[in-house]
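For reference, the structure discussed in these notes is given below.
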2 protein chains.
Amino acid sequence: MKSKNILLGHGSGGKLTSELIESLFFKHFDNDLLQQQGDSSVLPVDGGLISFTTDSFVVDPLFFPGGNIGKLAVAGTVNDLAVSGAKPLWLSAGFIIEEGLPYSDLEKIVVSMAREAENAGVKIVTGDTKVVDKGKCDKIFINTSGIGLLPGERRDISSGKKIKKGDKIIINGSIGDHGMTIMGKRKDLNISTDISSDCASLNKMIEKVFKVCNDVKFMRDATRGGISTVLSEIVKNKDFGINIYEEAVPVHESVKGLCEMLGFDPFYVANEGKVIIIAPARDAEKIVEVLKTTREGKEAAVIGEICDEHPGKGWITTTIGGRRIIDVLAGEQLPRIC
Amino acid sequence: MKSKNILLGHGSGGKLTSELIESLFFKHFDNDLLQQQGDSSVLPVDGGLISFTTDSFVVDPLFFPGGNIGKLAVAGTVNDLAVSGAKPLWLSAGFIIEEGLPYSDLEKIVVSMAREAENAGVKIVTGDTKVVDKGKCDKIFINTSGIGLLPGERRDISSGKKIKKGDKIIINGSIGDHGMTIMGKRKDLNISTDISSDCASLNKMIEKVFKVCNDVKFMRDATRGGISTVLSEIVKNKDFGINIYEEAVPVHESVKGLCEMLGFDPFYVANEGKVIIIAPARDAEKIVEVLKTTREGKEAAVIGEICDEHPGKGWITTTIGGRRIIDVLAGEQLPRIC
């Protein structure tokens, strides 16, 4: 830890977050299960396996095009379970509410949570409510933790152990929509009216991928820190590298425009309905095809592959033929994105 | 809902909290598992059962005699699992941190969590960190969710289904310590220096109870709302009543004094290391004996019994021979007690 105080960047999902996790949480909470280092922990129960995950949601504003904090809180945890290979089943919901929050806002949020849980086929089975004095939190924060059943043959998906040279890298659609929606809303930019968050539960889409490919190597949802942060984590300290083709990565024109105007790189912007899938080359096209049959995957594409050049590093071949390196997000791009 | 806005009392654990849960959460999240209405939800996994629970901790101040928010966050969730009859195994930890929190404070909290997890024999297996701008939360809030394995024969303990006339009501020690510690610290009262929170993980003590009694009828930890709130919930809409003998209920002199001075009733003050146990009369003394062999139970006592007079109501026979009714906490006694 270089800083004596906690900085916004420690919650970015990028470099400072990793440092905090390594130097504090992993150090003191040290145990074999925590060290799995996926977004979910894989736990043995009565001969079977479950995935267990937690996420707190502090997004500002609470309501935005394409969703709200409630929908996000359900979809986010469902996705963390689903990308571990698990079938999400049960969620908890912990509310921290600021005194004076309009009851109607809370109701809208709760109704969204209920609807998203139904869409995803999960149940909210336990909860907790705390209220703090006015000025001591910002309207509402929601924690959801989740449990899913993990088929044994999928247990290594979140670890990335099975990734090999030649595997293809697939994404289920355009990048940066969630982050730029929040940015547009926060800054009250009129130009961004046709941008909408991609916030969605991906578990049903992901089950379809498992139906056409029984050898999925890795999956992770690309939230805080964007796809660059996920891709760098995959390749870190490994004996393989990653090649990404910028041209192949779907980015909506409106997102691209807003990113250019504000100086953001969409590769580092948060998504809330996008998953990076790594699979054997022979299955890549089948996966893209089945993704395209779903609403959440209709813009799916193969965006790159695992290579044996530049081990430990990810490279993007840019549209104009140049190359740039893939890194984890440093500092904080936009606080309270989720 | 009578109020258009959320009030502090909605987080008290008392009457307003119940109303909010009924009118909003149960209404929209409606499902059979949520309707179990214990602090934990009992879930079927691979032929076995697990308990699943969640709690957010917003206690102010962060550090107090007998504990801190970190110890509390671990012990609180361990206890919610243990009183359901489960063996607590795994916790998640979700941090919401205010920008500018001294790193040293966070480290102290994390070290306490690690130590308490070790004491309780549980592992922190997954986590999440969010940082919000200065002024948007109050230093740090922690959510812990937990999973425990529940032996099949204990599955009805949190429901209270098995309670019968003649059963004895037992507590593992003195009431009101946690709440009055926080109160003393908050108001900076010098008189309260010998009061200390009872914050502790009770799972190992509770396992000893199961060893001497294979027919425990009910257990619940008496946190927000105090033992009165728990006792009223037990008896609500039931065909039995509860008699409590004030004289038998352990209250430390210092807590009693501070309560009298500030106008609090210790029966409604929060505890963080006390469990109400209901068991057959024949086992009551054995349970008290085994509790007394533990540090958390050394002041254990039988404090009352289940009766068939005044069904649906709990009565306290006071020290001077009068009677008063047991109710749930109305409004908010002391915000951010846990």
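The values are calculated or read from the model by the stated rules, or taken from the named source; none is laboratory data. Keep in mind that this is a model prediction, so the values were computed, not measured. Glycine also receives a Cβ, built like all others from the backbone with ideal geometry; neighbour counts cover every protein chain displayed. When the accessible area is computed, the model is the full protein with side chains, heavy atoms only, and any ligands, DNA or RNA have been set aside. Shrake-Rupley method; radii C 1.70, N 1.55, O 1.52, S 1.80 Å.
Computed quantities for the displayed model
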| read-out | value |
| --- | --- |
| Loop-located trypsin sites (Lys or Arg not before Pro) in the stretch A:1-88, at most 12 other Cβ atoms within 10 Å (DSSP) | A:LYS2, A:LYS4 |
| The stretch B:168-326 - accessible surface per residue (Å², probe 1.4 Å) | 41 |
| Within the stretch A:62-82: backbone nitrogen closer than 20 Å to the B:LYS4 label point (7 Å, Cα to C-beta) | none |
| Cα gyration tensor, chain A - rounded (a/c under 1.5), prolate or oblate | rounded |
| Pair A:LEU262, B:ARG186: separation of 7 Å Cα→Cβ label points (nm) | 3.9 |
| Cross-link pairs beyond the 21 Å C-alpha cut-off, checked among A:LYS236/B:LYS108; B:LYS15/B:LYS298; A:LYS168/A:LYS238 | A:LYS236/B:LYS108; B:LYS15/B:LYS298 |
| Carbon + sulfur, % of accessible area of the protein assembly as shown - ligands and nucleic acids excluded, 1.4 Å | 49 |
| Mean ellipticity per residue at 222 nm, deg cm²/dmol - from DSSP H runs of n ≥ 4 across the protein assembly as shown, formula -39500 (n - 2.57) | -8000 deg cm²/dmol |
| Karplus 3J(HN,Hα) series, Hz, for the stretch A:3-19 with 6.51 cos²θ - 1.76 cosθ + 1.60 (x for Gly, Pro) | 9, 7, 10, 6, 9, 3, x, 5, x, 6, x, x, 4, 5, 4, 4, 4 |
| The stretch A:31-154: C-alpha gyration tensor shape, a/c 1.5 cut-off, then a/b vs b/c | prolate |
| Amide hydrogen neighbours beyond the local backbone of B:ILE303, cut-off 5 Å, H modeled | B:ILE169, B:ILE170, B:ILE171 |
| The stretch B:1-69 and the stretch A:180-219: distance between their alpha carbon centers, rounded to Å | 30 |
| Calculated from backbone phi, Karplus (6.51, -1.76, 1.60) coupling profile of the stretch A:217-230 in Hz, x at Gly/Pro | 8, 6, 8, 8, 7, 9, 9, 3, x, x, 5, 4, 5, 4 |
| Qualifying trypsin sites (Lys or Arg not before Pro) for the stretch A:75-154 [loop in DSSP, other Cβ within 10 Å: at most 15] | A:LYS134 |
| Nearest-first distances (nm) between copies at A:PRO151, label 7 Å from Cα via Cβ | 3.5 |
| Per-residue HN-Hα couplings for the stretch B:31-42 [Karplus 6.51, -1.76, 1.60; θ = phi - 60°; Hz; x = Gly/Pro] | 6, 4, 6, 5, 5, 4, 6, x, 6, 10, 10, 9 |
| Spatially proximal aspartates and glutamates relative to A:LYS136 (Cα-Cα < 14 Å; intrachain offsets below 8 disregarded) | A:GLU98, A:GLU99, B:ASP60, B:GLU98, B:GLU99, B:ASP133, B:ASP138 |
| The stretch B:89-152 and the stretch B:273-295: distance between their alpha carbon centers, rounded to Å | 31 |
| Estimated distance in nm for a label pair at A:ASN214 and A:GLU253, the labels positioned 7 Å out from Cα along Cα-to-Cβ | 4.5 |
| Label distances, nm, A:GLU22 versus same residue in remaining copies, Cβ-directed 7 Å point | 5.3 |
